[in-house]
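Here is the structure we will look at, set down as structure tokens.
Any read-out appearing in this document is the output of simple, stated calculations on the displayed coordinates, not a laboratory observation. None of these values were measured; they are calculated from a predicted model. Heads up, the Cβs are rebuilt from the backbone with ideal geometry, glycines too, and the neighbour counts pull from every protein chain shown.
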Amino acid sequence: MKKLINVPEEVVQDMLAGFVAAHPKLVRQVPDTSVIVRAESPIKGKVGIVSGGGSGHEPSHAGFVGSGMLDGAVAGEVFTSPTPDQVLEGIRAVDGGKGVLLVIKNYTGDVMNFEIAAELAEAEGITVASVIVNDDVAVENSTYTTGRRGIAGTVLVHKIAGALAETGASLQEVEAVANKVIANVRSMGMALTPCTVPAAGKPGFSIGETEMEIGMGIHGEPGIERTDIRTAAEVAEILFEKVATDLELQATDKVAVLINGLGSTPLMELYIVNKKVADLLKMRGVEVHETIVGEYMTAIEMAGCSLSILKLDDQLTELLEAKANTAGFKR
């Protein structure tokens with residue numbers, strides 16, 4: 001294992017300390033926790049938004065803490081859900097008296113631990129709502145998951161719900177727009193190489209030199225097909241057809257596109273994938289309002305990418321365009 005770390009058991013705390021040191025005007029760390037919050041949290045009269053999950057997906061989730069997106073992010077160990085106590089600390093830290101929305105990716109541990117934390121917070125008098133992101137169209141049930149997995153489409157939930165919360169909207173309104181994004185976003189990924197959890201010291205799975213996996217999850221969960229390496233255009237078409245079919249894309253639709261790298265894929269290759277995606281959308285007569293290309297939800301050093309497509313209406317378009325100032329996403 002070759003990694004630029006100190007000791008495997010301390011990678012998360014070392015990372016968080018370095019993250020806060022790099023962005024002190026944006027964020028702070030709640031003492032003795034793995035919780036990152038906006039520097040000015042809690043913000044009175046504003047709905048707080050908290051997300052999180054296992055580490056290893058950077059810049060998710062701490063990278064999206066800041067104005068216009070998240071108020072707090074809770075980091076578990078690598079590929080491991082944060083505990084209910086950690087999530088509860090995040091809820092407490094961002095509660096400005098108007099309630100807190102939890103944005104949860106659909107993994108069994110995350111759902112269970114975030115919901116336990118919500119119950120504990122409610123017992124303390126904090127109003128909490130939760131949404132569960134399940135945008136991955138690759139498989140219905142998988143390792144860690146009942147139902148569809150939550151992957152990079154979660155970033156668009158953060159962006160749009162965060163923008164509405166910034167306006168002073170109610171908890172019910174912010175919850176509703178988050179669910180609106182979830183209902184209109186679909187994603188699917190693929191992998192060329194595995195990744196290594198530092199504490200394990202070896203890859204979590206293997207892919208042959210001439211192989212790739214279609215539909216791979218962000219923790220290395222199996223996809224729908226192990227196949228010989230195909231061209232970027234062929235990969236893009238496979239991902240696109242699955243996403244577009246599930247989303248029931250029509251020629252009259254307006255969309256946002258997210259081409260997300262999984263940790264070790266050069267921007268050159270992500271743009272090559274996007275070239276084909278853009279061609280396919282044009283062929284269908286779909287209007288592309290915005291395309292976002294880069295690393296937003298990774299899988300440590302996995303090589304590969306995911307495609308997310310979000311159907312837009314006037315409300316979602318306005319909120320997507322709203323200002324945001326975070327380490328991982330700026331407007």
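Structure summary
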{"read-out": "Assigned charges on the beta-carbon of Lys, Arg, Asp, Glu; the chain dipole about Cα centre (debye)", "value": "720"}
{"read-out": "Over the chain: Rg over Rh, Cα atoms, Kirkwood Rh", "value": "0.95"}
{"read-out": "Signed unit charges on C-beta, dipole axis of the chain, positive-most listed residue 83, 320, 298", "value": "320"}
{"read-out": "Largest to smallest principal axis extent of the C-alpha atoms in region 224-315, angstrom", "value": "37, 27, 22"}
{"read-out": "For region 65-179, alpha-carbon Rg relative to the globular expectation (2.2 N^0.38 Å, N residues)", "value": "1.02"}
{"read-out": "Compactness of region 147-246 as Cα Rg over 2.2 N^0.38 Å, two decimals", "value": "1.36"}
{"read-out": "Debye-sum result for region 173-331 in log10 I(q)/I(0), which assumes one identical scatterer on each alpha carbon, at q = 0.16, 0.17, 0.19, 0.21 Å⁻¹", "value": "-0.93, -1.03, -1.23, -1.39"}
{"read-out": "Using distinct alpha-carbon pairs, which all enter the 1/r mean, Kirkwood radius of region 3-68 in Å", "value": "12.8"}
{"read-out": "Vicinal HN-Hα couplings computed from phi for region 312-329 (Karplus, 6.51 cos²θ - 1.76 cosθ + 1.60; Hz; Gly/Pro x)", "value": "10, 10, 4, 5, 5, 4, 4, 6, 5, 7, 4, 5, 8, 9, 9, 5, x, 7"}
{"read-out": "For region 19-105, Kirkwood radius (reciprocal of mean inverse C-alpha pair distance, Å)", "value": "12.4"}
{"read-out": "Distant-in-sequence amide H partners of residue 292 (H built 1.01 Å from N, under 5 Å)", "value": "257, 258, 259"}
{"read-out": "Alpha carbon centroid spacing (whole Å) that separates region 10-76 from region 115-129", "value": "20"}
